[in-house]
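Data block below; observations after.
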Amino acid sequence: MGAAIRKPLPEMFRGASFPEDAEWVLHFHCYLLLAGGRTVLVDTGIGGVDSPAASWAPVPGRLVAELAAVGVKPGDVDAVVLTHLHSDHAGGCVVGGAPVFPNARHLIQRAELDWISGPMREQVVAPLGDRVEVVSGDVEPFPGVRLLHTPGHTPGHQCVEVGDLVLSGDVLHHPVQLGDPTITYVYDVDPAEAVRSRKAILARARVLATAHFAEPFTSLSS
Ligand SMILES: [Zn+2]
Ligand SMILES: [Zn+2]
């Protein structure tokens, strides 16, 4: 995490204690789902050198190259689910002013679109044009793939649920929040609401696919 927004860990995660020399290396994970004959991407990472994330994240991201490595071209992606419109999750939708995934519907919660402003609205949402598909609340856009409105980190944050797997976006940032979901993150828009969403997701998932942990997948003991 670049110096522009980095703070000491105890300020980032109020209520948590860390060893004095603890370091936090922020990882950025996107997920590819092959579901019901569709190719669905969940989040698009930090984006290119012109991304709004450039002020704090190590742009350019590697998403398109990583997709190519598993045989997926940008034009193959049928749908992009954006957990929320922070620059490290949606920055990779648009590079050089053009949509990266030209054939994809981009599913975003209504509450997120109502809230977002500034460079993310102007440089990312606007160029997507009619590729944006507005969703409201909990919906099942494809058989077996559910979107769960989980506000708090941002007003229109959503998770993706497939069976007992939840792709949890920014409902969690650091593993300390697994042991104590009341530990808040400094950049949560509504920390109390984020706690409620975090508890709800931890109660219903068996496996988490997280956005920022070092290990992408976390098994939860029941
Ligand atoms: Zn975020
Ligand atoms: Zn994030």
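The values are calculated or read from the model by the stated rules, or taken from the named source; none is laboratory data. Nothing here was measured: the structure is a model prediction, and the numbers come from that model. FYI the Cβ positions are ideal-geometry reconstructions off the backbone, even for glycines, and counts take in every protein chain you see. Each accessible area value is taken on the protein alone, full model and side chains, heavy atoms only, with ligands, DNA and RNA left out. Shrake-Rupley method; radii C 1.70, N 1.55, O 1.52, S 1.80 Å.
General remarks:
Residue-wise test of (1) more than 16 Å from ligand 2 (Cβ to nearest atom); (2) surrounded by 14 or more Cβ atoms within 10 Å (Cβ to Cβ).
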| site | (1), (2) |
| --- | --- |
| GLU66 | yes, no |
| VAL72 | yes, yes |
| SER87 | no, yes |
| VAL94 | yes, yes |
| ALA98 | yes, no |
| ALA104 | yes, yes |
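- Residue within region 123-139 that is under 18 Å from the mean Cα position of the chain (by Cα), within 16 Å of ligand 2 (Cβ to nearest atom) and in a strand (DSSP E or B) present: no
- Residues in region 108-146 that are more than 24 Å from PRO52 (Cα to Cα) and among the hydroxyl-bearing types (Ser, Thr, Tyr): SER136 only.
- Given (1) open to solvent by 20 Å² or more (accessible area, probe 1.4 Å); (2) in contact with a His (Cβ under 7 Å, 6 or more places away or on another chain), index of the condition ASP170 fails: (1)
- Those residues of region 10-32 which are open to solvent by 20 Å² or more (accessible area, probe 1.4 Å), in contact with a Phe, Trp or Tyr (Cβ under 9 Å, 6 or more places away or on another chain) and either among the β-branched types (Val, Ile, Thr) or more than 12 Å from ligand 2 (Cβ to nearest atom) (or both), in sequence order: PRO10, ARG14, PHE18, TRP24
- Among the residues making up region 79-113, a single one is under 20 Å from LEU148 (Cβ atoms), within 13 Å of ligand 1 (Cβ to nearest atom) and among the small types (Gly, Ala, Ser): ALA90.
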